[in-house]
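J.: This is the structure, below, for whatever I ask next.
Just so it is clear, none of the values below were taken in a lab; they were calculated from the coordinates. Computed from a predicted structure; not experimentally measured. All Cβ positions, glycine included, derive from the backbone under ideal geometry; neighbour counts span all protein chains shown.
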Amino acid sequence: MSERETLIFDAQSALIATAANRFADAVYRAQQARGTAIVALTGGSNGIGLLRALAQTPPPDRPAIDWSRIDLYWGDERFVTAADPERNAGQAFEALFDHVPVDPDRVHVIAASDGEFGDDIEAAAAAYAEQLGPGIAFDVHLLGMGGEGHINSLFPHTAATAEKTLPVVAVTDSPKPPPRRITLTFPVINRSREVWFLVSGDEKAEAVAAAHRGADPLDWPCAGAQGTERTVWFLDTGAASQLPT
């Protein structure tokens, strides 16, 4: 039975610090159990903030991450040029991967619009699905969330959110700019051992409450994501303000 854990913090900084410590512990446990850890990353202020925290000198009680034994993927990416500063991958390298001994062959970046597939977004999405391989199960899948409840690039009432089979799809009409994106879908998100939401801000409170009451994922995509073992919500007080007391 999958467990749900909801943690509420007075400040975003405390949310990020706790998530970073928990992340290191989850990676350590995965590496001890299976030799490697497989993680899906997210962007946004909290997702990149977590990576910046991991780049700092760790507290003495945090387990060390063996960066040579971790496979890193992204939950979604903007299909723009590789140099675009809005790319999640570029921000992640700047925040963390340029500062730790990660194995470059195990950092699985989604193709850019000027990459090997050129402007063919469908080919780029299919290639990322091939990189994932059949049946991949992330040890941790990190998720940010929009005020309307979108996760990755799964927005309310869209074909990507309704996808039941393909692990990766191209999005060509995202309501949030830029319109073209590549995203993991529910079939692969929900194979993850743990799904973590990193959410802050009053404007996210309605979506957080909808997910906790089990809303329809087509209306509130955040309600459709859960880990096979655990789903953890890291919330600040604003994001948690509409939860039952």
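J.: Any chance you could run the full-extension gain for GLN56 through ARG4? It's 0.36 nm times the residue separation minus the Cα-Cα distance, nm to one decimal.
T.: Fully extending the segment from GLN56 to ARG4 adds 15.8 nm.
J.: Let me ask you something else. Compute the distance from the alpha-carbon center of region 137-169 to that of region 73-93, in whole Å.
T.: Cα centres, region 137-169 to region 73-93: 17 Å.
J.: Under 12 Å from the Cβ of VAL171, count the other residues' Cβ atoms, weight Lys and Arg +1, Asp and Glu -1, and hand me the total.
T.: After counting each charged neighbour, the total is -1.
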